[in-house]
Amino acid sequence: MRLGPTGLIELESPYDAVTQAQLRAIRPPGLWLSRRGCWQFPLEAALRLEQQLAGRFPVSAELAEWLLWLRQPLPPLPPHRQLVAAAAPAEPLPDGRLLFAHQRTAVRWLLARRGAVLADAMGLGKTLTALVAARGLVRLADCRIVVLAPVGLHQHWRQEAAGLGLRLELHSWARLPAGLPEAGTVLIADEAHYAQNAAARRTQAFLRLARHPRLRAIWLLTGTPMKNGRPRQLLPLLEAIGHPLARDRRSFELRYCQGHWREQGGRRIWQADGASQLEELQRLVRPLLLHRTKQQCLDLPPKQRCLVPVVLAPVAAARFEQRLQACVEDYRRRAAKGEVRRDAEALAVLTALRRIGSRAKLPLARQLVADLQAREGPVVVFTAFVPTARLLHRALGGDRRAVLLTGAVPPAARQALVDRFQAGQLPLLIATYGTGGLGFTLHRARHVVLLERPWTPGDAEQAEDRCHRIGMGAMLSSHWLQLGVADQLVDGLIASKEERIALVLHSRQERWQRASLPVLVRQLLERF
């Protein structure tokens, strides 16, 4: 017997009718994994396995340690009322701040649950909420606080923890710890949607921590629990918090992800990318998933989205169409020769079309930013492509006039650049979604420009909400530049995914279907 990569017990056994019958009788039940050639059992079945098998199977050292902890559990936690009193959410913080009403409610909500997803919208103070709740467990149960967060957010976590007098053990999603402290741990996973791919090693290592015997509580923080609008992405988060729906992955995918077998290349492949029974899913996850919008919690100025159609001059339009046509023709030529996979290459072509469109928008983007700065002051610009960001940065004055925030900037230096913008030293910030769209506060700007949109609505909303936050002084306008059918396709895709996400996170009475992305891309290419 050994500990599997996701914290479940794996047992390899040669075929023996008596042993197989004994394993099938174990409760909670196990699952036979034909590809791995072993049985897989939840940790709750560990003691029953030991009794039933009576030492007939050697136990790995790591599993033996976990079994020892299971036989010597930590003492029970104090009652909820005492934990809330120890957390003291209504008292002023050491720096004089007071929690908002929605944060105080969330502190009480978290302390009532050993596993939960705090999915409030970006900018509602989830970091401080989780730390205040954890303070109650630290004071009454001597818990350690372990935080998983992107490297770029570590300084923010340190500052908030220092303000509360708490000590953290910080880890990045790229390097998860192998284990947890023996004394008991509150595990807080910030940007928990990093663990939405069940097949990724990162997700498996995270689930292993989530099942650790010394775990007191696990709280997941994410404003986008279904980043791409697929219920399958929600499943690892539900597994991590121990939701009953996640006990049987195949049943979940059958009911909520339109799971089915399909033939591909002479092989049967399990497909679970769809969505169904979303109203039921919303009702069942609601007790352990708290999602509130800014409109529900704060009296913030509104946010409006403005579609800005890009009209090119005749010469530029002809050049743009020529480049698009050449890209599509090259794809068709290679597809006809059988040199490319149809679906994978179609998506690569769409990215190439978007890159061409991004460059073609630069003249209008320069003019729009200049006009907004002249009338309204600071502006933030987001783009998906680093070359576009660099060209726009150079055209609008370089380092003398604008902050450039891309992956080339070391994580430790990014906050200093943001601080220069927030302090009024520079009137413009240009960023890529992956770098500037996460964890920063940019509420000095009243206008944000999205040259093109990312694939997922969560990323687009994250970028906008860097500016739409507590402390902003006026309405935020988000300008979406749109050029050609590629932008129209992606924007339509975002709208449809937003509807699906809203149906799971909110109670809405509507059902709809949409084609898969490869199908939509092929339909787009047929227009050329």
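With the requirement that a residue be at pLDDT 90 or above and touching a Gly at 6+ places or on another chain (Cβ under 6 Å), what does segment 449-486 give you?
Matches in segment 449-486: Leu483 only.
Which number in (1) farther than 24 Å from Ala370 by Cα; (2) open to solvent by 10 Å² or more (accessible area, probe 1.4 Å) marks the one condition that Val490 misses?
(2)
Among all residue pairs at least 6 apart or on different chains, which show Cβ distances below 9 Å where the first residue, located in segment 197-215, is under 14 Å from Gly115 (Cβ atoms) and modelled with pLDDT of 95 or more and the second is part of a helix (DSSP H, G or I) and of a type in the set (Val, Ile, Thr)?
Nothing qualifies.
When you scan segment 168-191, how many residues do you find that are part of a strand (DSSP E or B) and open to solvent by 20 Å² or more (accessible area, probe 1.4 Å)? Before you say what the answer is, go through the steps one by one.
Going through segment 168-191, the residues part of a strand (DSSP E or B) turn out to be 168-171, 185-190.
Those left that are additionally open to solvent by 20 Å² or more (accessible area, probe 1.4 Å): 168-171.
The number of residues fulfilling the criteria is 4.
Give me the pairs, please: first residue somewhere in segment 246-267 and on the phi > 0 side of the Ramachandran plot, second residue anywhere and charged (D, E, K, R) and open to solvent by 80 Å² or more (accessible area, probe 1.4 Å), beta-carbon distance under 7 Å, and either six or more positions apart or on two chains.
none
So is Leu300 aliphatic (A, V, I, L, M), more than 21 Å from the chain's Cα centre (by Cα) and crowded, with 17+ Cβ neighbours inside 10 Å or not?
Details: aliphatic (A, V, I, L, M): yes; more than 21 Å from the chain's Cα centre (by Cα): yes; crowded, with 17+ Cβ neighbours inside 10 Å: yes.
Yes; evaluated as a whole, the condition is true for this residue.
At least 2 residues that are modelled with pLDDT of 95 or more in each: list the helices (runs of 4 or more DSSP H) lying fully within segment 42-155 that qualify.
Working: elements: 46-53, 61-71, 80-87, 101-111, 126-141.
Answer list for segment 42-155: 80-87, 101-111, 126-141.
Taking segment 25-58, which residues are open to solvent by 60 Å² or more (accessible area, probe 1.4 Å) and more than 25 Å from Ala240 (Cβ to Cβ)? Spell out how you get there, then give the answer.
Taking segment 25-58 and keeping what is open to solvent by 60 Å² or more (accessible area, probe 1.4 Å), we get 25, 27, 29, 31-32, 34-36, 44, 47-48, 50-51, 54-56, 58.
Hits for segment 25-58 are Ala25, Ser34, Glu50, Gln51, Ala54, Gly55, Arg56, Pro58.
Could you check segment 342-390 and list, in sequence order, the residues that are at pLDDT 85 or above and charged (D, E, K, R)?
Arg354, Arg355, Arg359, Lys361, Arg366, Asp371, Arg375, Glu376, Arg390
Hey, does segment 426-445 have a residue that's over 24 Å from Ala348 (Cα atoms), within 24 Å of the chain's Cα centre (by Cα) and polar (S, T, N, Q)?
yes
Which of the residues spanning segment 248-258 are in contact with a Gly (Cβ under 8 Å, 6 or more places away or on another chain) and buried (at least 19 other Cβ atoms within 10 Å of the Cβ)? First the steps, then the outcome.
Initial filter on segment 248-258 (in contact with a Gly (Cβ under 8 Å, 6 or more places away or on another chain)): 250, 253, 257-258.
Listed by number, the residues that qualify are Glu253, Cys257.
Checking the conditions here, which among Leu505, Leu438 is at pLDDT 75 or above and either of a type in the set (Ser, Thr, Tyr) or under 23 Å from Leu289 (Cα atoms) (or both)? Break it down into steps so the answer makes sense when it comes.
Numbers: Leu438 fails: at pLDDT 75 or above.
Checking each option against the conditions leaves just Leu505.
Could you list, in sequence order, the residues of segment 69-112 that are crowded, with 20+ Cβ neighbours inside 10 Å and closer than 30 Å to Ala46 by Cβ?
Of everything in segment 69-112, those that are crowded, with 20+ Cβ neighbours inside 10 Å and closer than 30 Å to Ala46 by Cβ turn out to be Leu83, Leu110, Leu111.
What tally of residues in segment 213-244 results from selecting those that are touching a Cys at 6+ places or on another chain (Cβ under 9 Å) and over 23 Å from Thr456 (Cα atoms)? Spell out the reasoning first.
So in segment 213-244, the residues touching a Cys at 6+ places or on another chain (Cβ under 9 Å) come out as 216-217, 230-232, 235.
Subsequent filtering for residues that are over 23 Å from Thr456 (Cα atoms) retains 216-217.
Residues in segment 213-244 being touching a Cys at 6+ places or on another chain (Cβ under 9 Å) and over 23 Å from Thr456 (Cα atoms): 2 in total.
How about segment 156-167: which of its residues are among the hydrophobic types (A, V, I, L, M, F, W, C), open to solvent by less than 30 Å² (accessible area, probe 1.4 Å) and either in contact (Cβ under 8 Å) with a residue 40 or more places away in the chain or assigned to a helix (DSSP H, G or I) (or both)? Give the steps one after another, and end with the answer.
Quick first cut of segment 156-167, residues among the hydrophobic types (A, V, I, L, M, F, W, C) only: 157, 161-162, 164, 166.
From what is left, the residues that are open to solvent by less than 30 Å² (accessible area, probe 1.4 Å) are 157, 161, 164, 166.
Trp157, Ala161, Leu164, listed by residue number.
Listed residues Val315, Val349, Val310, Val386; which is β-branched (Val, Ile, Thr), open to solvent by less than 30 Å² (accessible area, probe 1.4 Å) and either under 20 Å from Val449 (Cα atoms) or out of contact with any Leu (no Cβ under 8 Å at 6 or more places or on another chain) (or both)? Full working, then the answer.
Working: Val315 fails: open to solvent by less than 30 Å² (accessible area, probe 1.4 Å); Val349 fails: either under 20 Å from Val449 (Cα atoms) or out of contact with any Leu (no Cβ under 8 Å at 6 or more places or on another chain) (or both); Val386 fails: open to solvent by less than 30 Å² (accessible area, probe 1.4 Å).
Going through Val315, Val349, Val310, Val386 in turn, the sole match is Val310.
The values are calculated or read from the model by the stated rules, or taken from the named source; none is laboratory data. No experiment lies behind these values; they were computed from the predicted model shown. Counting neighbours? That spans all protein chains shown, and the Cβs are built from the backbone with ideal geometry, glycine included. Note: accessible area is taken over every heavy atom of the protein model, side chains too, but ligands, DNA and RNA are not part of it. Shrake-Rupley method; radii C 1.70, N 1.55, O 1.52, S 1.80 Å.
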